[in-house]
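Some notes on the structure that comes next.
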Amino acid sequence: MSAAAAAILDGMPDPRDLHRLDTGGETVIFAGTAELFRFAEDDAAGRHLAAAVLRQLKFPGRDVAAVLGLSPAYVATLHQRALREGTAALVRPAGRPRETDAAAWDRAREWRPPGCGTRRSRGGWG
């Protein structure tokens, strides 16, 4: 265990005491009586962050997976992704990626004649 993790975990209960409480639309993750995380029940980003941080604090992957309701393989994926790319990588953008880059959209806007593409030019908005 790293010195930083040991300092954070100093006096904390055994990892076997890792447990979860779902109440009032929130999920709370505890180690013994110490509250470690609190996030909305449907907050995937909060759950992913908790998984990555718990693994970095050396809680066993199986225990983290069990308490968060994830598979051990997915916990390992989140842990590795956070190590490689940082915690921002734990949340992937929703939907299909854009096929046209921002520069192409900017060029298209420049080519458009003034007033074209507005509701007024199509007979709307008076």
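Within the shell of other residues whose beta carbon sits under 15 angstrom from the beta carbon of Asp42, the net charge comes to -1, with Lys and Arg scored +1 and Asp and Glu -1.
Taking the Cβ of Leu90 as the center, what net charge do the other residues with Cβ under 13 Å away carry, scoring Lys and Arg +1 and Asp and Glu -1? Could the numbers behind the result be given before it?
On the way: positive: Arg47, Arg55, Arg81, Arg84, Arg92; negative: Asp43, Glu85.
Once all neighbours under 13 Å are counted, the net charge is +3.
Tell me, what is the percent relative contact order of the stretch 3-93, built from C-alpha pairs under 8 Å that lie six or more residues apart?
Here the relative contact order equals 21 percent.
Near Phe37, the amide H atoms lying under 5 Å from its own belong to Ile29; only residues 5 or more places off or on other chains count, and H is placed 1.01 Å from N. Using the average count of surrounding beta-carbon atoms within 10 Å as a protection proxy, the listed peptides 59-69, 17-27, 45-55 rank, highest first, as 45-55, 59-69, 17-27. Taking Cβ atoms as reference points and 9 Å as the exclusive limit, the residues near Leu68 contribute a net charge of +2, counting Lys and Arg as +1 and Asp and Glu as -1.
Sort 99-108, 79-88 by packing, meaning the average of other beta carbons within 10 Å per residue, with the highest value first. Walk me through the intermediate numbers first.
On the way: 99-108: 9.1, 79-88: 13.4.
My ranking of the peptides, most packed first, is 79-88, 99-108.
Length gained on full extension, Thr87 to Asp42, computed as 0.36 nm times the residue gap minus the Cα-Cα distance: 14.4 nm. Length available on full extension from Arg96 to Ala3: 0.36 nm per residue minus the Cα-Cα distance, which gives 29.3 nm.
For the stretch 3-93, the residue among Leu54, Val64, Leu83 whose Cα projects farthest onto the positive side of the dipole built from Cβ charges is Leu83.
Bear in mind these aren't lab numbers, they're just calculated from the coordinates by the rules spelled out. A quick note: this is a predicted structure, and the numbers were derived from the prediction, not measured. FYI the Cβ positions are ideal-geometry reconstructions off the backbone, even for glycines, and counts take in every protein chain you see.
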